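Presented below is the structure to which this report refers.
Since every read-out is calculated from the coordinates, none of them should be taken as a lab result. Source: prediction; values computed, not measured. We place every Cβ from the backbone using ideal geometry, glycine too, and count neighbours over all the protein chains shown.
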């Protein structure tokens, strides 16, 4: 048999391994882009958790007793000290607006709701106080916890104005607000 009689092998086009390799490379590039984007976006819950801690109760148990007209303050303080934050919020919410400690009770009602994981209820309590003409330290504290409540709700756009306001004014929360804004990025 002569060489001329041998049928030529068909030329196989080996394009499919290149297509598979290109597809895998594309998936890797997309995955790396997604991962890089996630790495740049802060974890709002973790950011909230790193900045939130319930402050000590402002009310002393000796200031109120269960038998007095300040029963709500007493019950709220006992619950707050026991870290029963929802119970504390419910008790402090009962403090009448005419009470000399009403603004502080409202502030700690909001903080207690936030500590209990009830950010919407915290915002409801803190918002009016944060915009009020209350004592500046009470108002600043309300603004700080309001910003944290919005972070807890995964809404940094609504937290940012409160933090910017705190960062721009001298006070106990200015440096904390500046640090949190820096962590939030643009």
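Some observations on this one:
- The residues of the range 106-125 that are surrounded by fewer than 24 Cβ atoms within 10 Å (Cβ to Cβ) and either touching a residue at least 24 places away in the same chain (Cβ under 8 Å) or more than 18 Å from residue 73 (Cα to Cα) (or both), listed by number, are 115, 116, 117, 118, 119, 120, 121, 123, 124.
- Only residues that are in contact (Cβ under 8 Å) with a residue 12 or more places away in the chain and either surrounded by 14 or more Cβ atoms within 10 Å (Cβ to Cβ) or under 22 Å from residue 102 (Cβ atoms) (or both) were counted in the range 165-177, giving 8.
- Here the condition is being assigned to a helix (DSSP H, G or I), surrounded by 19 or more Cβ atoms within 10 Å (Cβ to Cβ) and out of contact with any strand residue (DSSP E or B) (no Cβ under 7 Å at 6 or more places or on another chain); of 157, 149, 134, 128, it holds for 149 alone.
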